[in-house]
1. Inspect region 227-242 for any residue being open to solvent by 10 Å² or more (accessible area, probe 1.4 Å), without any contact (Cβ under 8 Å) to a residue 60 or more places away in the chain and assigned to a helix (DSSP H, G or I) and give the result as yes or no.
2. Among the residues of region 572-625, write down those that are modelled with pLDDT of 95 or more, assigned to a helix (DSSP H, G or I) and buried (at least 21 other Cβ atoms within 10 Å of the Cβ).
3. State all residues of region 207-226 that are charged (D, E, K, R) and not in a helix (DSSP H, G or I); if no residue qualifies, say none.
4. Looking only at region 566-614, which residues are over 22 Å from Asn662 (Cβ atoms), free of Cβ contacts under 8 Å to residues at least 40 places away in the same chain and touching a strand residue (DSSP E or B) at 6+ places or on another chain (Cβ under 8 Å)?
5. Filter region 21-36 down to residues that are buried (at least 22 other Cβ atoms within 10 Å of the Cβ) and either part of a strand (DSSP E or B) or in contact with a Pro (Cβ under 8 Å, 6 or more places away or on another chain) (or both), then give me how many there are.
6. Residues of region 560-571 being at pLDDT 95 or above and either open to solvent by 50 Å² or more (accessible area, probe 1.4 Å) or assigned to a loop (DSSP other than H, G, I, E, B) (or both), which ones?
7. For region 270-277, indicate whether the set of residues that are modelled with pLDDT of 95 or more, in a helix (DSSP H, G or I) and either surrounded by 21 or more Cβ atoms within 10 Å (Cβ to Cβ) or in contact with a Cys (Cβ under 7 Å, 6 or more places away or on another chain) (or both) is non-empty.
8. Quick check on my filter: what residues within region 431-455 are farther than 17 Å from Asp26 by Cβ, charged (D, E, K, R) and surrounded by 23 or more Cβ atoms within 10 Å (Cβ to Cβ)?
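The values are calculated or read from the model by the stated rules, or taken from the named source; none is laboratory data. Everything quoted here is computed from the prediction, not taken from an experiment. Here the Cβ positions follow ideal geometry from the backbone for every residue, glycine too, while neighbour counts run over all protein chains shown. What goes into the accessible areas is simple: the full protein's heavy atoms, side chains included, and nothing from ligands, DNA or RNA. Shrake-Rupley method; radii C 1.70, N 1.55, O 1.52, S 1.80 Å.
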Amino acid sequence: MSQKFVASAPAVLPSARTVRGACPHDCPDTCALRITVEDGRATKVQGDPEHPTTHGALCTKVSRYTERTYHAERVLHPLRRVGAKGAGRFERIGWDEALDAIASRLAAIAARDPQAIVPYSYAGTMGLVQGEGMAARFFNKLGASRLDRTICSTAGGEALAASYGKKVGMHVEHFAESRLILIWGSNSIASNLHFWTYAQVAKRAGAKLVCIDPRRTETADKCHEHLQLRPGTDGALALALMHELIAADALDHDYIERHTEGWPALREKALGWPPERAAEVCGLDAAQIRSLARDYATAKPAAIRLNYGMQRVKGGGNATRLIATLPCLVGAWRHRAGGLLLSASGWFPVQRAALERPELLAGRQPRTINMATIGDDLLREASPAFGPRIEALVVYNSNPVAIAPESGKVVRGFAREDLFTVVLEHFLTDTADFADIVLPATTQLEHLDIHFAYGHTSVVFNEPAIAPLGEALPNAEIFRRLAARMGYVERCFSDDDEALARQAYGDAIDFDALRARGWAPLPIPDAPFADGGFPTPSGRCRIDAPGFGLPDFVPNHESPQSTPELAARFPLAMISPPARNFLNSSFVNVKSLRDIEGEPVIEIHPDDAAARGIDDGVRVRAFNDRGSLVSRAVVTTRARPGVVNGLGIWWRKLGLDGRNVNELTHQRLTDIGRAPSFYDCLVEVEAQPRSSFAAPSSGNAAAGRAEPDSPRPLA
């Protein structure tokens, strides 16, 4: 029986009311919320104690969500730039003036070639209404370039779908019954809190927890064992585990025969990966690998919580496919507490076409711009291969100047005087500082939305708890108004937010019941692949998938092994996992959370620090051919030898030198999914003399060191 959690319901004062909501952020937990409202003001955000996976608990970040909504620096009125791009100087204008200016400029560009207009968005909200509903309709009608939204998870996501048919996996609550849990590429305490709760239940019942991660994370501290492998070597480890399963004849031959396809060829490949070979590649002891294989073969049931950290390298897609094969080899899927969870989003019957209306393209096939290469693409000239030069960007639900790789190029692109940039935002972020027009968007407490999840299997509904602050509008309403200004008369542009929410799932869910309860579980079997039934054409796990071939270990773009000449100049691998109290670049300007983090840090192993004369707490400069970054050194075994951890993602203008870790990352892509390789990066680190501190870089010079929780003048 899965573990039940009991939490007391939030106390509600007699004068208060409680509104049901959903956490909108890019996190697998998609928590169900209860918002307390008193006299029209949200006073508290708590987890819904009745929702099975939220069970009344929230992370530190979202429990302080009211600090975000009522932040002194909320953008509450349309703004027009009056200073240099990047200076963050604006004047207040009205909505009519803002919409007219945007529509006029977009119409003029579209008359030449609408593909010169690029939307740029990701998961600032995961909501289906305020995400890509009305926005997608607008850009489809316009004929703008499409955006390949790859910044976070497409390497692992497309790889998982290649093997399993869709992004599907275990029920998270069943990890409570597992006997062995491999936490692979995930700092669950920081980024998947509710899974961690179930893992702790399993641990108290005698389960063994093993963390596989290049960083000794807070999660690794709490596990029985930690395999601190080199970044990008997960595929080699998976192949060595297969080697040992074969050698011990610890395979579930019946499950393999009936529910997989392509195993014989992979079996031959795995036989070439004894633990000694993988140990040399991964920087591990061969005995550790053998021990892990023995545990995985004998613990029943064994489960893998795979997360997206491990797929942000060149070979991340192939590594995901190799790891996804492991549960099939030992028959772990026979048990509801066995198998693997990377993403559950493929279970959700979202009606994307109904939301986005691709028929508005009317047969046009616009080019696609990869959001991960926006730095290069903003600097490209028109060509037959590329198409028109990018003349306009409309940014919503994202902060590309902070989060896109090789940010030095991103800044140069956004600084182009001939680029027209519109940003829908809550705050004057790094990206908003470069905008020509900033439009005030509502937060989750101020609008309606409907959500899927990728860490559990409940649809979650979000009611607006309070009226929009100032002149802020929901994203969907902003695009509705822009469509009207552009003269678009199709009826779909009149759909209100409730209509969009109803269209998101159509008849697949009972909308009224969902709205009344706040969440609705999907009808998914407890052990979904006990008898195969993967959502592939054959119903089998595709080990040798059409169009993908046989998975293999793929070395990093940059590493001492694959690029020795580069490594001679930049001998340290760098990964950039999120700081515990930030969520990508969200919450960085919430002072209570930023105070916990202190300042940007780079973790370095004591051996590497000693070799460079670096003491704990001093300022250091990390650098490569792409740029440099000043941070505070933390000398710690959280970093393994030869690897440094640059915790992110700080806003550039809040960095010690007006930069963040993406100054150092590159734009080369993963093997599958066309995704960025953030954790596939070589650098050198040196002590930074105090006298050599530089002011923030030119793109942020005027606003870069302003205290973020004091109001900034608009002009």
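1. No, that holds for no residue.
2. The one that is modelled with pLDDT of 95 or more, assigned to a helix (DSSP H, G or I) and buried (at least 21 other Cβ atoms within 10 Å of the Cβ): Ala609.
3. Taking region 207-226 as the starting set, the residues that turn out to be charged (D, E, K, R) are 208, 213, 215-216, 218, 221-222, 225.
Selection gives Lys208, Asp213, Arg215, Arg216, Glu225.
4. Hits for region 566-614 are His605, Pro606, Ala609.
5. 6
6. First pass over region 560-571, keeping only residues at pLDDT 95 or above: 563-571.
Within region 560-571, Thr563, Pro564, Glu565, Ala568, Arg569, Phe570, Pro571 qualify.
7. Yes: region 270-277 contains one or more residues that are modelled with pLDDT of 95 or more, in a helix (DSSP H, G or I) and either surrounded by 21 or more Cβ atoms within 10 Å (Cβ to Cβ) or in contact with a Cys (Cβ under 7 Å, 6 or more places away or on another chain) (or both).
8. First, pick out the residues of region 431-455 that are farther than 17 Å from Asp26 by Cβ: 432-440, 442, 445-448.
After this cut, where a residue has to be charged (D, E, K, R) as well, the list is 433, 436, 446.
Residue satisfying the conditions is Asp433 alone.
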